[in-house]
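Just so it is clear, none of the values below were taken in a lab; they were calculated from the coordinates. Predicted model only: the values in this text are computed from it and were never measured. Positions of Cβ are backbone-derived with ideal geometry, glycine not excepted, and every protein chain shown enters the neighbour counts.
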Amino acid sequence: VRNTDADWVKWAEQEPYFAVLSSPTFYTANLNEASLESFFQSGVLDIEYLMHTIRTRVFPGFAPRSALDFGSGVGRLVLAMAAHVERVVGVDIAPPMIAEAKRNCAARAPGHDISFYNEIPEGEFDWISSVLVIQHIPPAIGLGILQTLLSRLAVGGVISLQFTAYRTPAHLQGAFDEARYVRFDGARLDVLDDQEGPELRMAMFDYDMTAVLSKYADAGVNDMWLRHVDHGGHHAFWVIGRKE
Ligand SMILES: C[S@@+](CC[C@H](N)C(=O)[O-])C[C@H]1O[C@@H](n2cnc3c(N)ncnc32)[C@H](O)[C@@H]1O
């Protein structure tokens, strides 16, 4: 299975903003005040959407005091979350992302209680969230991370995560790049053996939603809301739930 952690350190070193939102506007060479403003404004809109969805679909009284953003990148969502909670923790595998996120938070939200970690810290959070992250982590690793995230959710807290679950055939090439041998029996494609794919990629992986939902249930998150999203052929689900 591909070492996506190493990919992310390289992305963070080379193109941290484009790696978060893959539009040419966010290549380092193109960044300016206006493009950065739209970058961070997109985070405000994402968090407003989540807050609204949680309050209308999952828990009307949602008023978290602490939040954890998993895969926090350059702080796009951490900054937006800081407007809603007293304490935000960002977690990212790539140290250069954390360094950039710290610079952004110091400049854009001075005085807020925002901290960053390379790994998921101990402690409990009222809100655990992750956007555009788990899809890039192989499920063999991602399901373990999901279990750890769920274990950090406070009773009464809400978890809002995105999972990709299937794709149109146009997006198969990415999977084939990692395959040495495949078998196709007319109904099912299996990777028999994998290999190191191209040097730097933004790999995408599809999750078995039964495996995902059973982890939520095991953690006492039985009240769940799902929404399907088509990211241009990568089909994803928001899974938002509250721990009882
Ligand atoms: C596409 S970016 C999204 C960043 C942020 N969630 C946002 O929407 O602004 C994915 C981020 O997840 C981080 N990441 C990838 N794998 C990770 C892992 N296993 N643990 C923690 N962070 C990870 C990457 O370093 C990168 O910063």
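Among the residues of the range 1-16, those identified as within 18 Å of the chain's Cα centre (by Cα), more than 9 Å from the ligand (Cβ to nearest atom) and outside any loop (DSSP other than H, G, I, E, B) are ALA6, LYS10. Selection of the range 77-121 for residues being more than 19 Å from the chain's Cα centre (by Cα) and among the acidic types (Asp, Glu) yields GLU86, ASP113.
Taking the range 139-164 as the region of interest, how many residues are of a type outside the set (Val, Ile, Thr) and crowded, with 17+ Cβ neighbours inside 10 Å? Even if it seems obvious, please write down each step before you answer.
Keep residues of the range 139-164 that are of a type outside the set (Val, Ile, Thr), which gives 139-140, 142-144, 146-147, 149-154, 156-157, 160-163.
Narrowing further to those that are crowded, with 17+ Cβ neighbours inside 10 Å: 139, 142-143, 146, 149-150, 152-153, 157, 160-163.
Going through the range 139-164 one residue at a time, the tally reaches 13.
Among the numbered conditions (1) within 11 Å of the ligand (Cβ to nearest atom); (2) in contact with a Gly (Cβ under 6 Å, 6 or more places away or on another chain), the only one that CYS105 does not meet is (1). Any chance the range 34-44 includes a residue that's more than 14 Å from the ligand (Cβ to nearest atom) and small (Gly, Ala, Ser)? Within the range 34-44, one or more residues are more than 14 Å from the ligand (Cβ to nearest atom) and small (Gly, Ala, Ser).
State which residue is farthest from the ligand (Cβ to nearest atom) when the search covers only the range 108-142 and only residues that are among the polar types (S, T, N, Q) and free of Cβ contacts under 8 Å to residues at least 60 places away in the same chain. Steps first, answer last, please.
Within the range 108-142, the first condition is being among the polar types (S, T, N, Q), and the residues that meet it are 115, 118, 129-130, 135.
When the remaining residues are screened for being free of Cβ contacts under 8 Å to residues at least 60 places away in the same chain, the result is 115, 118.
Values: SER115: 15, ASN118: 8 Å.
In this case the residue turns out to be SER115.
Of the conditions (1) in contact with a strand residue (DSSP E or B) (Cβ under 6 Å, 6 or more places away or on another chain); (2) over 19 Å from PHE163 (Cα atoms); (3) hydrophobic (A, V, I, L, M, F, W, C), LEU68 clears all except one; give me its number. Among (1) in contact with a strand residue (DSSP E or B) (Cβ under 6 Å, 6 or more places away or on another chain); (2) over 19 Å from PHE163 (Cα atoms); (3) hydrophobic (A, V, I, L, M, F, W, C), LEU68 violates only (2).
Screening SER22 against (1) outside any helix (DSSP H, G or I); (2) within 14 Å of LEU132 (Cβ to Cβ); (3) in contact with a helix residue (DSSP H, G or I) (Cβ under 6 Å, 6 or more places away or on another chain) leaves a single unmet condition, (3). The combined condition, being among the β-branched types (Val, Ile, Thr), in contact (Cβ under 8 Å) with a residue 40 or more places away in the chain and away from the ligand (no atom under 12 Å from the Cβ), is not fulfilled by VAL20.
Looking for something of a type in the set (Lys, Arg), within 16 Å of the ligand (Cβ to nearest atom) and assigned to a helix (DSSP H, G or I) - is there at least one such residue anywhere in the range 75-83? Within the range 75-83, one or more residues are of a type in the set (Lys, Arg), within 16 Å of the ligand (Cβ to nearest atom) and assigned to a helix (DSSP H, G or I).
Here PRO96 meets the list (1) within 22 Å of LEU161 (Cβ to Cβ); (2) touching a residue at least 24 places away in the same chain (Cβ under 8 Å) almost entirely, failing just condition (1).
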